Amino acid sequence: MNIGDKIPEFKVKDYKGTIISNESLKGRNIVIFFYPKDGSPVCTTEACSFRDNYEEYLKYDCEVIGISGDSEQSHKNFAKKYNLNFPLITDENNKLRKLFGVKSNIFGLLPGRETFLIDAKGTVRLIFNSQLNANSHIEKTINFLKKYLSK
């Protein structure tokens, strides 16, 4: 995926059983963040930062979606433990990672941490990759929304 591309077609369920697809997301801005593992220190920091800034995203009619290879039950436990207020999707067999072109990091041992900001027309506007600096994903996307997508 590159900036300017349309997001690929997909249809999945979040941990609550809600169907999420590229079609269901049209008309809103979206932040999709891929992360390695529920409950790991950096992933927890990232998810909680998205949670803490969720109201800021809503100001720009922007939904936040987290994606990892963890099970639905793991996502339920993670969301409950940290009071997460956005959907988490299980990426079975890394299908979504492959669709979005998210690569593994650290010699291919760890799933990549990459964030995509997609506009209301389904066009990728920002791609950000930082494996260890979780908070920068939130800063980059909010700053982009403020600068380019303000109403």
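The values are calculated or read from the model by the stated rules, or taken from the named source; none is laboratory data. Since the structure is predicted, the reported quantities are computational estimates derived from the model, not experimental observations. Quick reminder, even Gly has a Cβ in these numbers, built from the backbone with ideal geometry, and neighbours come from all protein chains shown.
From the set of residues in segment 37-63 that are of a type outside the set (Phe, Trp, Tyr) and buried (at least 20 other Cβ atoms within 10 Å of the Cβ), which is nearest to ASN85 (Cα to Cα)? Going through the qualifying residues, I end up with ALA47. Cβ-Cβ distances below 7 Å connect the following pairs, each with a first residue in segment 14-36 that is of a type outside the set (Phe, Trp, Tyr), a second residue that is exposed (fewer than 12 other Cβ atoms within 10 Å of the Cβ), and a separation of six or more residues or different chains: ILE19/LYS11; SER21/LYS11; ASN22/GLU9. Of the residues in segment 11-29, not one is of a type in the set (Val, Ile, Thr), touching a helix residue (DSSP H, G or I) at 6+ places or on another chain (Cβ under 6 Å) and either under 17 Å from THR115 (Cβ atoms) or in a strand (DSSP E or B) (or both). Any residue at all in segment 91-113 that is touching a Lys or Arg at 6+ places or on another chain (Cβ under 7 Å), of a type outside the set (Gly, Ala, Ser) and modelled with pLDDT of 90 or more? For segment 91-113, residues touching a Lys or Arg at 6+ places or on another chain (Cβ under 7 Å), of a type outside the set (Gly, Ala, Ser) and modelled with pLDDT of 90 or more: present.
Out of all the residues in segment 29-64, which are of a type in the set (Lys, Arg) and in contact with a Phe, Trp or Tyr (Cβ under 9 Å, 6 or more places away or on another chain)? Once the filter is applied, which keeps residues that are of a type in the set (Lys, Arg) and in contact with a Phe, Trp or Tyr (Cβ under 9 Å, 6 or more places away or on another chain), segment 29-64 yields only ARG51. The residue of segment 69-102 that is surrounded by the most Cβ atoms within 10 Å (Cβ to Cβ), among those that are part of a helix (DSSP H, G or I) and of a type in the set (D, E, K, R), is ARG97.
With respect to PRO36, is the statement that it is modelled with pLDDT under 95, in contact with a helix residue (DSSP H, G or I) (Cβ under 7 Å, 6 or more places away or on another chain) and either assigned to a helix (DSSP H, G or I) or within 18 Å of ILE118 (Cβ to Cβ) (or both) true? Reasoning before the result, please.
Values: modelled with pLDDT under 95: yes; in contact with a helix residue (DSSP H, G or I) (Cβ under 7 Å, 6 or more places away or on another chain): yes; either assigned to a helix (DSSP H, G or I) or within 18 Å of ILE118 (Cβ to Cβ) (or both): no.
Judged against the criteria, PRO36 is not a match.
Within segment 53-82, residues that are within 20 Å of ASP38 (Cα to Cα) sit with their Cβ atoms under 7 Å from residues that are surrounded by fewer than 17 Cβ atoms within 10 Å (Cβ to Cβ) and among the hydrophobic types (A, V, I, L, M, F, W, C), at 6+ positions apart or across chains, in these pairs: TYR82/CYS48. Being part of a loop (DSSP other than H, G, I, E, B) and in contact with a strand residue (DSSP E or B) (Cβ under 8 Å, 6 or more places away or on another chain), is that true of even one residue in segment 60-68? Checked segment 60-68: at least one residue is part of a loop (DSSP other than H, G, I, E, B) and in contact with a strand residue (DSSP E or B) (Cβ under 8 Å, 6 or more places away or on another chain).
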